[in-house]
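The values are calculated or read from the model by the stated rules, or taken from the named source; none is laboratory data. From a predicted model like this one, the values you see are computed outputs, not experimental measurements. Cβ placement follows ideal geometry from the backbone for every residue including glycine, while neighbour counts extend to all protein chains displayed.
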Amino acid sequence: MGCCLSAVSLWKIAILMGLERIARDHRLLAVPAGFDLLPVLPEHCKELVAMPPRHLYPFDRMLIAQARAVLTRDRAIIAYGAAGADVVTFDG
């Protein structure tokens, strides 16, 4: 799997467009060249159930669950999340 764009991101963009919180630019709903569309899969939902309630927004929670399920299958790395490690963000 290469670069992915979650269907959840497109769903959130569509809702924000419908609420007129962002411009209705349908280019924002296109999957960029070189990206695969990542659907919501049962394993993402299972990961969601196991997550602590740190984020209350459903879209954010699913994006985190997808990232945890997709980024690695190495149980030693996954165990860090179970031990309470925080997600690190980078300001680019």
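Tabulated data
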{"item": "Residue check for Arg54: in contact with a helix residue (DSSP H, G or I) (Cβ under 9 Å, 6 or more places away or on another chain) and modelled with pLDDT of 95 or more", "result": "no"}
{"item": "Count of residues meeting criterion [assigned to a helix (DSSP H, G or I) and loosely packed, with under 11 Cβ neighbours inside 10 Å] in the stretch 14-49", "result": "5"}
{"item": "Residues satisfying the stated conditions in the stretch 57-92, i.e. at pLDDT 85 or above and either on the phi > 0 side of the Ramachandran plot or of a type in the set (Asp, Glu) (or both)", "result": "Asp60"}
